[in-house]
Amino acid sequence: MIPDVSQHGSAETTEWKPVENTPVIMFDRVSKSYGRINAMNSVSLGISGGVTGILGMNGAGKSTLFKLMMGKIKPSSGAIRLFGTDPWKNPAPYSRVGFVPEHEKMYDWMTAFDFVTTFARLHGMTREEASKEATRVLSFVSLGDVMHKRIGQFSKGMRQRVKIAHALVNDPELIILDEPLQGCDPLARTTIMNVIKELGAMGRTVLVSSHILHEIERITEQIVILHRGRILALGNSHAIREMLDQHPHKIELECDEPRKLARSMLAIDEVTGISFSSPTKLLIETQHLGEVHKKLPSTIMESGSTVTAIDNPDDDLQSILMYLTGGAL
Amino acid sequence: MSSRMDTIWAKLDRKSTAIAEFTMRQYRTRISTWVVMIASALALFLMLLFYIEAMNTEIEAIDNDGDSFDTDGDGYPDGQERLEGTNPNSAESFPDWVEPDPPEKWINEDDIDWEILGDGENYVGNDDDGDCTNLDTSSQRDSNDNGRECDILVTVDALNSTITVDADANVDEDPDEEKYGKEAGHRSFILGIGKFGIVYLLGIFLPLFLATGLIREEMSEGTIHYMLAKPIARGELLLYRMLGYIGITWPFIISICVLLCLITGFTGPGDGFFRWSDIGVWMSIAWATMLVSLVYGTIFCGFGIIWKNGVILAIIFAAWELGMAFVAIFSGGDSSIRYMSVIGWGMIIVDAGVAISWPDNWQLIEIGLWGGGHGEENWLGEMAYVALPAAEPLAAFSGSPNLGVSNWLSFLISTLVLVFQGAMFWFIGQSIFKGKEVD
């Protein structure tokens, strides 16, 4: 027998058992700094059940959060518990976790099936169990028909699904997906989103990180907004959005005759300001985004001008952050 | 107890074989693996060409005692005249009752024909050409004063592997260079290419290219995240990756040694159709290389974990080991600084294997260095003998285990030391790996 390398002191004599009645993930005032840079600043968090979206700009600390959870890096201070156990010291709880890393690099020379079975065996499965489970999860992510092809031949979206499949092979209670939608084509996005929703419906705890608000809103309402290593907001996405609705918004219209359109727009009471961002673009400012959007189609019709695009340039994470931080990004 | 052990073993077996198999497949898909293996095999077989050429080139026969020369010009070589009792220095005196011998007959005519020597005093030697027995006085015939005429007194000190040769004049004084040189050349080639080319160079180059990135490449490419997200300790991961490394390198080392053993065994000198006694030497070379490459692999893999440019540390370490390899090979087992290295212990395995398989090796060296007893007195008044061909390289590449215990025990001890070194470096490596943050 090899020594118990994961623990300090003597070998454990009792089998590892999950601590009951604890949150799946628990962060208690966790900080992580690299030299003078604080990647995580006193984050406290407890998550159990359902799909949770972790939102944040690049460098907000989403990946740091996941790496801390998965015991890949050690917190500078504070305590982390994964199923009641410190993940830095003990890899045992990973048997109940599926982790989809953000890294694009995979073993291109392997077939999807080999990839999944190899990592399934690290959960202690036999070859037979592993191949049975691999077939199951690869069909679950709709790759059943191509699973014996080499990963190197796969598109971005397919690779992402292989990664998800490999994380699901042990039937985990907690699934962590780091930017699973990044770089995927629309079809793959839909498939992956459905898979995530389904997992949530199955009662699993799912964590999904993204820097795009719309994506997360299509998957879940429960969101955590990270910014500069701190939790900025935590809760239902509708509630956060409602707060935003009281905040000045911009609508950008691309049309052939901006001046003509501007005159009609002024007729809408809720419009507080108009400017011309370029010869073909009209920028409207309002406090009541919803109301303006309702009146837009008829107003455009009345003006008789041709509108080629309507955009809400600030209806994204950045504007939420702008609002939540009081403009100090 | 047993069911629990079974469960642990079954789980260990699943994880270990999964990673080891994965690692081996990963090696096979990399071009670098094949380049390293093909290049090292080519280099070794290139050396083999020199060997084959040497084995097929006749070594020039030297007339060590000069008796093939016809000093007086009467047509009879000096040796023949001495044998027949005529004066080699007088043209009038020649044995007209026999035909003159061709000069070649008096080259290599008095070979070293010693029986296997035992510890203590041995009375050996045979005056094949009669140039000792024909001497006039008894004191001339017994110049070593041991009471026997025309013999050689060889005193063997097996404990210290030394031989003192005290020969009567003109006994075994014209040895067969071809016979001796081929045997000694064959053995020096095996030891030279075995100790330096295989145990050191192959033993250090395979891990340098194949083990340094075992964990590091996974870390820099980010693929390590797949493995570290599984319920497996990092120390275990390191161990099973090393198993995969062994699974690739050990069969390669064994095949190289088997091939070289077959080729040199069939082309080498000897009466039999195959040199069976070489097999033990090749086995000890293969075993030493396997262990040495395992220890180096563990060290280099650890260097890779510590630092992304771990290969630089590995090269510095390889330089130290190169120095140690020279010390271990050319000190002949007399230096104790070799204990402070990996390669030193590998060389002890080979030396023990040689002592077991070729028990006559050190005697062969001493005989070759004596070489018939020709030479000049140097300024210290000692005889500096002219060695037979290939005796000096054989002496240089041969060594003694010198652990003060039997050869088998030396073999066992050095094996255990290397296994212990491997385990120790694995332990250090996994401690570093465990405390390493993987971004």
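B:HIS225 meets each of the listed conditions (1) in contact with a helix residue (DSSP H, G or I) (Cβ under 7 Å, 6 or more places away or on another chain); (2) assigned to a helix (DSSP H, G or I); (3) at the interface with chain A (Cβ under 9 Å from one of its Cβ atoms); (4) open to solvent by less than 10 Å² (accessible area, probe 1.4 Å) apart from (1).
Residue-by-condition table, conditions (1) under 19 Å from the mean Cα position of the chain (by Cα); (2) buried (at least 23 other Cβ atoms within 10 Å of the Cβ):
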residue	(1), (2)
A:SER48	yes, no
A:LEU55	yes, yes
A:THR111	no, no
A:PHE115	no, yes
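Of all residues in segment B:133-146, how many are closer than 11 Å to B:ALA167 by Cα and not in a helix (DSSP H, G or I)? Give the steps one after another, and end with the answer.
Taking segment B:133-146 as the starting set, the residues that turn out to be closer than 11 Å to B:ALA167 by Cα are B:141-146.
Next cut, not in a helix (DSSP H, G or I) only: B:142-146.
Matching residues across segment B:133-146 total 5.
The listed residues are B:GLY304, B:GLY333, B:GLY323, B:GLY268, and the only one of them that is within 18 Å of the chain's Cα centre (by Cα) and either outside the structural domain of B:ALA395 (by TED's automatic domain parsing) or open to solvent by less than 10 Å² (accessible area, probe 1.4 Å) (or both) turns out to be B:GLY333. Can you confirm whether A:LEU68 is outside any loop (DSSP other than H, G, I, E, B), open to solvent by less than 10 Å² (accessible area, probe 1.4 Å), in contact (Cβ under 8 Å) with a residue 40 or more places away in the chain and over 22 Å from B:GLY244 (Cβ atoms)? Criteria met by A:LEU68.
Considering segment B:243-255, the residues that are of a type in the set (A, V, I, L, M, F, W, C) and open to solvent by 10 Å² or more (accessible area, probe 1.4 Å) include one that is nearest to the other protein chains (Cβ to nearest Cβ), namely B:LEU243.
Does segment A:290-304 contain at least one residue that is assigned to a loop (DSSP other than H, G, I, E, B), under 28 Å from A:LEU324 (Cβ atoms) and open to solvent by 40 Å² or more (accessible area, probe 1.4 Å)? Taking every residue of segment A:290-304 in turn, none turns out to be assigned to a loop (DSSP other than H, G, I, E, B), under 28 Å from A:LEU324 (Cβ atoms) and open to solvent by 40 Å² or more (accessible area, probe 1.4 Å).
Hey, does segment B:9-27 have a residue that's more than 14 Å from chain A (Cβ to nearest Cβ), of a type in the set (A, V, I, L, M, F, W, C), more than 30 Å from B:ALA387 (Cβ to Cβ) and loosely packed, with under 15 Cβ neighbours inside 10 Å? So far as segment B:9-27 goes, no, none of its residues is more than 14 Å from chain A (Cβ to nearest Cβ), of a type in the set (A, V, I, L, M, F, W, C), more than 30 Å from B:ALA387 (Cβ to Cβ) and loosely packed, with under 15 Cβ neighbours inside 10 Å.
Going through (1) assigned to a strand (DSSP E or B); (2) modelled with pLDDT of 95 or more one by one, B:LEU418 falls short only on (1). Those residues that are in a loop (DSSP other than H, G, I, E, B) and either open to solvent by 40 Å² or more (accessible area, probe 1.4 Å) or small (Gly, Ala, Ser) (or both), I need them from segment B:71-82; list them, please. Matches in segment B:71-82: B:THR71, B:GLY73, B:GLY75.
If you filter segment A:74-105 down to residues that are within 20 Å of the chain's Cα centre (by Cα), assigned to a loop (DSSP other than H, G, I, E, B) and facing chain B (nearest Cβ under 7 Å), you find that the one that is farthest from A:SER33 (Cα to Cα) is A:LYS105.
Could you please let me know if B:LEU394 is touching a strand residue (DSSP E or B) at 6+ places or on another chain (Cβ under 7 Å), crowded, with 16+ Cβ neighbours inside 10 Å and part of a helix (DSSP H, G or I)? When the stated conditions are applied, B:LEU394 does not pass them.
The single condition among (1) part of a loop (DSSP other than H, G, I, E, B); (2) within 9 Å of chain B (Cβ to nearest Cβ); (3) modelled with pLDDT under 90 that A:ALA60 does not meet is (2).
The sole residue among A:GLU217, A:GLU252, A:GLU242, A:GLU198 that is assigned to a strand (DSSP E or B) and open to solvent by 10 Å² or more (accessible area, probe 1.4 Å) is A:GLU252.
Results for (1) within 14 Å of chain A (Cβ to nearest Cβ); (2) among the small types (Gly, Ala, Ser); (3) surrounded by 15 or more Cβ atoms within 10 Å (Cβ to Cβ), shown as yes or no for each residue.
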| position | (1), (2), (3) |
| --- | --- |
| B:TYR339 | no, no, no |
| B:ALA390 | no, yes, yes |
| B:PHE411 | no, no, yes |
| B:GLN421 | no, no, yes |
| B:GLU437 | yes, no, no |
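Being assigned by TED's automatic domain parsing to the domain that holds A:LEU68 and buried (at least 20 other Cβ atoms within 10 Å of the Cβ) is true for just one of A:ASN90, A:ASN170. Which residue is that?
Details: A:ASN90 fails: buried (at least 20 other Cβ atoms within 10 Å of the Cβ).
After ruling out the rest, the residue left standing is A:ASN170.
Would you confirm whether or not segment B:183-204 contains a residue that is open to solvent by 10 Å² or more (accessible area, probe 1.4 Å), away from every other protein chain (no Cβ under 14 Å) and acidic (Asp, Glu)? Looking for residues that are open to solvent by 10 Å² or more (accessible area, probe 1.4 Å), away from every other protein chain (no Cβ under 14 Å) and acidic (Asp, Glu), one finds at least one in segment B:183-204, hence yes.
So which residues in segment A:115-173 are assigned to a loop (DSSP other than H, G, I, E, B) and within 8 Å of chain B (Cβ to nearest Cβ), if there are any at all? Quick ask: steps written out before the conclusion?
From segment A:115-173, those assigned to a loop (DSSP other than H, G, I, E, B) are A:122-126, A:141-143, A:147-149, A:154-155, A:169-173; that's our starting set.
Result: A:LEU122, A:HIS123, A:GLY124, A:MET125, A:THR126.
The values are calculated or read from the model by the stated rules, or taken from the named source; none is laboratory data. All values derive from a computational prediction rather than experimental measurement. All Cβ positions, glycine included, derive from the backbone under ideal geometry; neighbour counts span all protein chains shown. Heavy atoms of the whole protein, side chains included, go into the accessibility calculation; ligands, DNA and RNA do not. Shrake-Rupley method; radii C 1.70, N 1.55, O 1.52, S 1.80 Å.
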